[in-house]
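Below: the structure, in structure tokens.
FYI, it's all coordinate maths here, none of it is from the lab. What you see is a predicted model; the values in this text were computed from it and never measured. Cβ placement follows ideal geometry from the backbone for every residue including glycine, while neighbour counts extend to all protein chains displayed.
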Amino acid sequence: MLLIVGFIVVVVTVFGGFVLEGGHLSVLLQPVELLIIFGAAFGSMLISSPMSLIKRIMKQVLSSPKNAGFGKDEYTQLLLLLYELCKIVKTNPLSLEPHIEAPENSEIFKKYPSILKNHHLVAFLSDTMKVQLSSSLPAYDLEELMETDIEATHAEEMQAPTTIARLGDSMPGLGIVAAVLGVVITMGKLTQGKEVIGHSVGAALVGTFLGVLGAYGFMAPLAAKMESNIADDGHTLYVVKAALIALAKECSPKVCVEFARRRIPPKARPSFEEIDKATSAGGRSAEKAAA
């Protein structure tokens with residue numbers, strides 16, 4: 001929501017300031033200049049990006065206004081899920097298999113819908129536990145395995161904001177292209193009087209203005225917001241990683257959850273007392289699931 005509010009503030013302050021200085025908005029309404037700048041920018045994205053990346057860009061752009069990462073409630077659900085899974089590993093490892101083979105059908109995962117709908121997080125958790133069940137890895141090898149997965153995922157997700165930032169960097173140049181085309185048109189009007197020439201030159205300069213505004217008022221902030229969303233989403237993987245490494249070191253389920261809890265950003269981190277109370281209350285249900 002703040003993203004949309006920010007865009008509105010940019011538009012109101014820039015164009016409102018222009019009007020307060022005595023300008024006329026009709027001068028800035030140059031749809032052809034917009035067509036040249038944003039059309040060329042979109043075309044350059046088609047040239048440089050495969051369709052899979054374009055789809056990912058559209059998905060991240062559309063989710064940018066509402067994506068605020070996990071909050072305290074979601075992180076609490078994640079910790080409780082980790083506790084139940086770790087509890088099963090400690091009591092009856094073989095009973096864990098159906099839960100991680102088909103999480104969507106697992107009664108444990110269904111208890112935590114905010115986690116279950118995060119498909120990449122569930123896959124990361126399930127795949128790692130499958131490895132540990134099939135061939136237990138030392139903690140340092142498991143950490144390397146998970147870090148490799150996180151790095152690969154991060155690199156792929158960062159392609160979208162990087163592309164948006166690159167398009168933003170190109171827009172001032174494309175604004176100059178639009179301005180030069182406007183000057184070329186103006187050259188054909190030199191015999192039509194100062195007023196016509198002045199209007200034509202002003203329209204050409206609007207191209208430069210729109211290119212710079214689009215780059216630094218919209219595209220660069222949008223790319224930064226997308227990067228922030230990716231970083232927020234990435235925290236969840238590190239929370240899972242902390243718990244599973246502790247589990248590989250033979251820590252108790254509550255200690256595994258505490259390692260995970262400490263990895264949560266402070267602004268969304270539930271307290272030790274809250275998680276201790278919740279895991280104590282849920283311990284019986286975890287034992288029933290493992291039986």
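Note down the nm distance, to one decimal, between modelled labels 7 Å out along Cα→Cβ at ALA139 and at MET158.
The answer from the label model is 2.8 nm.
What is the magnitude of the charge dipole of the chain about its Cα centre, with +1 placed on the Cβ of each Lys and Arg, -1 on the Cβ of each Asp and Glu, and no other charges, expressed in debye to the nearest 20?
On the way: 26 positive and 29 negative charges, 111 e Å.
Rounded to the nearest 20 debye, it is 540 debye.
For the chain, set up a Gaussian network in which alpha carbons nearer than 10 Å are linked by springs, and say which option among VAL196, VAL206, VAL131 fluctuates the most.
Looking only at VAL196, VAL206, VAL131, the largest GNM fluctuation is found for VAL196.
Could I have the simple spin-label model distance between VAL196 and TYR216, label points 7 Å from Cα toward Cβ, reported in nm to one decimal?
For VAL196 paired with TYR216, the spin-label model returns 3.6 nm.
Classify the range 86-205: rounded, prolate or oblate, from the alpha-carbon gyration tensor (a ≥ b ≥ c, eigenvalue square roots; a/c under 1.5 rounded; otherwise prolate if a/b is larger than b/c)? Provide the component values of the computation, followed by the final result.
On the way: a/c = 8.14, a/b = 3.88, b/c = 2.10.
It is prolate, given that a/c is not under 1.5 and a/b is the larger ratio.
Could you work out the relative contact order of the chain, using alpha carbon pairs under 8 angstrom and six or more residues apart, expressed as a whole percent?
This gives 30 percent for the chain.
In a GNM of the chain with a 10 Å cut-off on Cα contacts, which of GLU157, GLU97, GLU195 has the highest mean-square fluctuation?
With Cα springs under 10 Å in the chain, the top fluctuation among GLU157, GLU97, GLU195 is at GLU195.
Can you grab the distance from the C-alpha centre of the range 232-268 to the C-alpha centre of the range 92-150, Å, no decimals?
13 Å
Full extension from MET1 to ALA281: what is 0.36 nm times the residue separation minus their Cα-Cα distance, to one decimal in nm?
Working: separation 280, 0.36 × 280 = 100.80 nm, distance 3.65 nm.
This chain segment gains 97.1 nm when fully extended.
What does the extension gain come out to for LYS59 and ASP73, with contour length at 0.36 nm per residue minus their alpha carbon separation?
Contour length minus Cα-Cα distance gives 2.6 nm.
Calculate, for PHE15 and VAL184, the FRET efficiency according to 1/(1 + (r/R0)^6) with r their C-beta to C-beta distance and R0 30 Å; round to the nearest 0.05.
Values: r = 27 Å, r/R0 = 0.90.
Calculated transfer efficiency: 0.65.
Please sort 226-233, 2-9 by packing, taking for each peptide the average over its residues of neighbouring beta carbons within 10 angstrom, highest first.
Values: 226-233: 18.1, 2-9: 12.9.
Ranking, from highest mean packing down: 226-233, 2-9.
Which entry in (1) 23.3; (2) 22.6; (3) 19.7 matches Kirkwood radius over Cα pairs in Å derived from the coordinates of this structure?
Here Kirkwood radius over Cα pairs in Å agrees with entry (2).
Which one, ASN92, ILE47, PRO113, is farthest towards the positive end of the dipole of the chain when Lys and Arg carry +1 and Asp and Glu -1 on their Cβ?
Ranked along the dipole, the leading option is PRO113.
Rounded to the nearest 20 Debye, what is the dipole magnitude of the range 89-187 about its Cα centre when Lys and Arg each give +1 and Asp and Glu each give -1 at the C-beta? Walk me through the intermediate numbers first.
Working: 6 positive and 14 negative charges, 94 e Å.
So the dipole magnitude of the range 89-187 works out to roughly 460 debye.
Under 28 Å Cα to Cα from LYS66, which lysines show up? Leave out anything in the same chain fewer than 8 places away.
Candidates past the 8-residue exclusion: LYS55, LYS110, LYS111, LYS117, LYS225, LYS241, LYS267.
Go ahead and run the numbers for FRET between LYS90 and SER52, Cβ-Cβ distance against an R0 of 51 Å, rounding to 0.05. If you can, show how the numbers build up before the last one.
Values: r = 41 Å, r/R0 = 0.80.
The formula returns an efficiency of 0.80 here.
Which residue, ILE275, ILE197, ILE164, tops the fluctuation ranking in a GNM of the chain built on C-alpha contacts under 10 Å?
Taking springs between Cα atoms under 10 Å, the residue moving most is ILE197.
What net charge is computed for the residues neighbouring PHE70, neighbours being all others with C-beta under 14 Å from the C-beta of PHE70, Lys and Arg scored +1, Asp and Glu -1?
Numbers: positive: LYS66, LYS72, LYS117, ARG261, ARG263, LYS267, ARG269; negative: ASP73, GLU74, ASP232, ASP233.
That sum, taken over residues with Cβ under 14 Å, equals +3.
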